[in-house]
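Everything below concerns the one structure shown next.
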Amino acid sequence: MRYDTTLKELFQAPPIRLLELIAGAQPIELLTVEYPAVKMRRPDLVFRLPNGEMRHIELQSGNDHAMDWRMLEYYPLLYRQFGGEPVQQVLYVGPGRVRMKGEIRHRNLAFRYEVIDIRQYDAEPLLNSDSPADNLLALLCRNGTDRKAVRRIISRLGKLPEKERIDRLTQLLILSGLRKAESLIIEEAEPMSLQINLMENDVIREFVLKHGREREERGARFGHAKMLRLQLEQRFGKLPKWALKLIDGADVETLEDWGLKLLDAERLEDVLSKPARRESGRRSLSAIKKRNGNKKRNGAK
C-alpha cells in the first residue's frame, strides 16, 4: 500500500519525461476524473496528447489478477465522459516479472490494454529531467539502481528546499524497497545529513537505524568468517571450495559454533557440520550473550 500511495503522489505533479516515453508525446492537459458510486472509482492518471488522443494509465507495484476487469470498468466511464476512446496502459513498477495478461478473451467479449514494465525504459532520460518525480522514478527503470545513477538522484535532491528535500528522500526510500536498494540509498544519502537532520523524519529514521544494524551484522559476520578461515587453514591447510562456500554463507552464530568445534575436532568435516547449538550440552557464544542480555533487561540476577 505504501508503494501505491507514494507512486500516486509522484504522479500528481506528473513525471513529464516518463509520460513522454510511454505515450510518445508530452501531455497538454491533465483530465480530472472521479466516478462516485457504491465504491469510489478514481483512475490514477488520465491526460490528453497534442493529437487529441486520451491516455489512461494505472500504476501497479504488484501483479493484480483483477486488473483486466478494473481496466474494462474504466473504459466505458471514460468514453462516456470525454466522448472518445481511451488508450489504456498499466505501468508495472514491481520487483518481479509482469504476469498480467492485458486482455480479456471470452466468447462474447474481447478487450485489451497494454502492460508496460517500467524497466524497459533506461534511467538516463529521467535522470536528465528537471522534474523531481522523473528523477525519483529513474530508480525503478533499467540501470536505475547503479551507484552512479543513485548518486545523481541524491545530488538532485540535495538542491531542493529543505522540506521538499526531506519529503522526496522519504519517497525515494519507500520506492527503493521495490528494488531492494534501501542500503544503497542510505549510504549515498549520508552526506546529506550535513545539511539536514535525517533522524528527525520518522520514516527516514527507521531506514537509517535498520541500515545501521544490517551494516554492524555484516561487519561482525565478515570478521568471524575471516578469523575462522585463518584458524582452519592453520589447522588443516588450504580449504576446499565446499568449505569456503559454507563459511561465506554462514551467519555469526553458526561461525561461532564452528569456532568452538575447532577446539577438539580432528577433521575439517567435524568442524563444518551441524551447528554446535543444536547439540545437547553446548551453546553458542551469541546464544549465551543473548540470554545474559535478556536477564539484565528483566532485572534478573
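Every number here is computed from the coordinates shown, using simple stated rules; none is lab data. Predicted, not measured: the structure shown is a model, and the values here were computed from it. Heads up, the Cβs are rebuilt from the backbone with ideal geometry, glycines too, and the neighbour counts pull from every protein chain shown.
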Open item on the list: Please list 3J(HN,Hα) in residue order for segment 108-122, calculated via the Karplus relation 6.51 cos²θ - 1.76 cosθ + 1.60 where θ = phi - 60°; whole Hz, with x for glycine and proline.
Closed with: 10, 8, 10, 8, 8, 8, 9, 10, 10, 8, 4, 6, 6, 9, 6
Open item on the list: Which of 175, 230 has the fewest other C-beta atoms within 10 Å, and how do the rest follow up to the most?
Closed with: 230, 175
Open item on the list: Two decimals, Cα atoms only, Kirkwood Rh: what is Rg/Rh over segment 2-120?
Closed with: 0.94
Open item on the list: Using the basic label-point model (7 angstrom from Cα toward the beta carbon), what is the residue 130 to residue 73 distance in nanometres?
Closed with: 3.9 nm
- [ ] For segment 20-27, just list the computed ³J(HN,Hα) in residue order, Karplus coefficients 6.51, -1.76 and 1.60, θ = phi - 60°, integers in Hz, with x standing in for Gly and Pro.
- [x] 5, 5, 6, 8, x, 7, 7, x
Open item on the list: 7 Å from Cα along Cα→Cβ at both residue 42 and residue 104: what's the point-to-point distance in nm?
Closed with: 2.4 nm
Task: segment 107-177 shape via C-alpha gyration tensor axes, a/c threshold 1.5 - done: prolate
Open item on the list: Starting from the 7 Å offset along Cα-to-Cβ, what nm value, one decimal, do you get for the label separation of residue 220 and residue 234?
Closed with: 2.3 nm
